[in-house]
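Working notes for the structure below.
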Amino acid sequence: MLNSNLLRKLDMQDLTVFVHVYERGSVTEVSESLCVSQSTVSYCLKKLRAGLEDELFVPARGGMRPTEKATNIYPHILRILECINLCYAGTMPALPCGEVAVFNVQAPEYFELLILPMLLAEFHGAGHPVTVNVEKFGQDVPVEEMSSGAIDLAICFGPNYHRRHPGLKSQTLLQDDLVCVVDSSHAPTTRAFNMAEFLSRRHVYPTPWSTATNMVDGWLAQQSLRRDIIARANTYSSAVRLLKGTNYILTLPTRIVSQLCGEDWVACCEPPSGIPSFTLNMLWNERADRDPVNTWFRDQISKVTSSIF
C-alpha cells in the first residue's frame, strides 16, 4: 500500500530522472542522456516533488544540489529500479550447445573482493556456463576496448572520477564510505583523525586500479593539501600488512575493511570530517546494451550487489 495517493502518479521515468539528476546535477545533461526534452525532465521533477513532498533538488553553483531527503532516498530508489530490471531479466538467454558465455571486465580490486565471489557462487549454484575474466581498471574508461568488443563491461568508482564519454550507459551499483586503518597501538585515543593529525602521519597507498592518485588525494587537492605517501601496495591486503608496528595510515572503503581487517592489532578510525563517500558504477556501450547475454550479465551483477545493502 502507498502512503500517499500522489505516489500513484509516479512512474519509472520519474524515478529514472531522479537518479540521473542526483548523479549528474544538470537538467540539460539528464535530458541529453535520456534522450528526452528538458521540459519532460522538469515535469518529472514536478511530479516527484509533489509525490515525495520535498524540493529534492535546489539550484546551486554549476547545477542542482540534492536536499537532505533526496540524499536519504537515493539508495532506495536505486533498489526500486534494480528490482524492476531483475523482473525484466528473467533467465539466461539460450547459448549454442556446449558454449560458455565469456565476459571480459575491467574493474578495481574492490569489485573482485566484494562482488565477484558472490557472482560466481550464483553462477555455480544455478549451473550457468559462465567465465568471467577481470583486468585491472586503468587510468580511464576503456572506451576503445569496449567499442571493439575486447571489454564487455567496465566497473569504476564515482561520481565524476573519470571523464564522461558520449554513447556510454551507466548504472550506480552501490555507495560506500572511507575509513582510516592503523596499527591499534598507534590509534588516536578518540578513534578519529582530525585533519592536522591525518596529514602529520605517513600514508600507505593501495593501487587496486592504475592511477597515480585516488579519491583521497583529489579531496585534499581541492583544499590545496597533500599527504605524504610512504609506500604503494598492489592490493588492499598487502597494504594492510604494511601498517603493523608503525603509525602509518591506510584509508580504505568501509565494506573492504570488514573483509580484510579482522585481526586484533588492526584498528579502524574515523577519517577527517568532510572526506567524501563514493559510488561503484557499471559502464557499457550501445553494442552491449543491445546484446541480451550482456544485459543478463549486468542484471546478475545488479542482483548480487543489491544483496549487499
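Here, each number is a calculation from the coordinates, and none is a lab measurement. Keep in mind the model is a prediction, meaning the values are calculated, not measured. A quick note on method: Cβ atoms are made from the backbone with ideal geometry, for glycine too, and the neighbour counts reach across all protein chains shown.
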(request) Pop a pseudo-label 7 angstrom from the Cα along the beta-carbon direction at both SER147 and ALA221 and give the gap in nm to one decimal. (result) 2.6
(message) Which log10 I(q)/I(0) values does segment 5-89 give at q = 0.15, 0.20, 0.21, 0.26 Å⁻¹ under the Debye formula, counting every alpha carbon as one identical point scatterer?
(response) -0.51, -0.92, -1.02, -1.46
(message) I need HIS76, HIS128, HIS186, HIS20 ordered by Cβ neighbour count within 10 Å, fewest first.
(response) HIS76, HIS186, HIS128, HIS20
(request) Please report SER224, SER200 as a ranked list, fewest other C-beta atoms within 10 angstrom at the top and most at the bottom. (result) SER224, SER200
(request) Please identify, among LYS169, LYS136, LYS46, the residue showing maximal mean-square fluctuation in a Gaussian network model of the chain using a 10 angstrom Cα cutoff. (result) LYS46
(request) Round to a whole angstrom and tell me the spacing of the C-alpha centers of segment 180-253 and segment 27-62. (result) 38
(message) Below 10 angstrom from the Cβ of TRP265, what's the summed charge of the other residues (Lys, Arg +1; Asp, Glu -1)?
(response) -2
(request) Kindly write out, for segment 276-287 in residue order, the coupling ³J(HN,Hα) from the Karplus curve 6.51 cos²θ - 1.76 cosθ + 1.60 (θ = phi - 60°), rounded to whole Hz, with x marking Gly and Pro. (result) x, 7, 8, 10, 10, 10, 10, 10, 8, 10, 4, 4
(request) Determine the dipole magnitude for segment 178-269: charges of +1 sit on the beta-carbon of Lys and Arg, -1 on that of Asp and Glu, nothing else is charged, the reference point is the Cα centre, and the result goes in debye to the nearest 20. (result) 140
(message) If neighbour count is taken as other Cβ atoms inside 10 Å, put THR71, THR305 in order from fewest to most.
(response) THR71, THR305
(request) Run down the aspartates and glutamates and flag those whose C-alpha is under 19 Å from the C-alpha of LYS303, throwing out any fewer than 8 positions away in its chain. (result) GLU82, GLU112, GLU122, ASP152, ASP176, ASP289, ASP291
(message) Using only DSSP helix segments of four residues or longer, with each worth -39500 (n - 2.57), what per-residue ellipticity at 222 nm results for the chain after dividing by its residue count and rounding to 500?
(response) -12000 deg cm²/dmol
(request) Could you tell me what percent of the DSSP beta bridges with both partners in the chain are antiparallel, to the nearest 5? (result) 60
(request) Within segment 228-269, which residues have the backbone N less than 16 Å from the label spot 7 Å out from LEU120 along Cα→beta-carbon, could you tell me? (result) none
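When only DSSP loop residues count, what trypsin sites (Lys or Arg not before Pro) in segment 222-298 have their Cβ near at most 15 other Cβ atoms within 10 Å? Walk me through the intermediate numbers first.
Working: sites: ARG226, ARG227, ARG232, ARG241, LYS244, ARG255, ARG287, ARG290, ARG298; in loops: ARG226, ARG227, LYS244, ARG290.
Within segment 222-298, the qualifying trypsin sites (Lys or Arg not before Pro) (loop, at most 15 other Cβ atoms within 10 Å) are ARG226, LYS244, ARG290.
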(message) Based on the alpha-carbon set only, what is the convex hull volume of the chain divided per residue, in Å³?
(response) 165
(request) Could you pull out the pairs from LYS46/LYS69; LYS47/LYS69; LYS69/LYS169; LYS9/LYS69 whose alpha carbons sit more than 23 Å apart here? (result) LYS69/LYS169
(message) Using 0.36 nm times the number of residues separating GLU55 and SER185, minus their current alpha carbon distance, what extension gain do you get?
(response) 42.1 nm
(request) Could you check how many percent of all C-alpha pairs in segment 178-269 are farther apart than 18 Å? (result) 39
(message) Can you compute 3J(HN,Hα) from phi for each residue in segment 239-244, using the Karplus curve 6.51 cos²θ - 1.76 cosθ + 1.60 with θ = phi - 60°, rounded to whole Hz and x for Gly and Pro?
(response) 5, 4, 5, 6, 7, 4
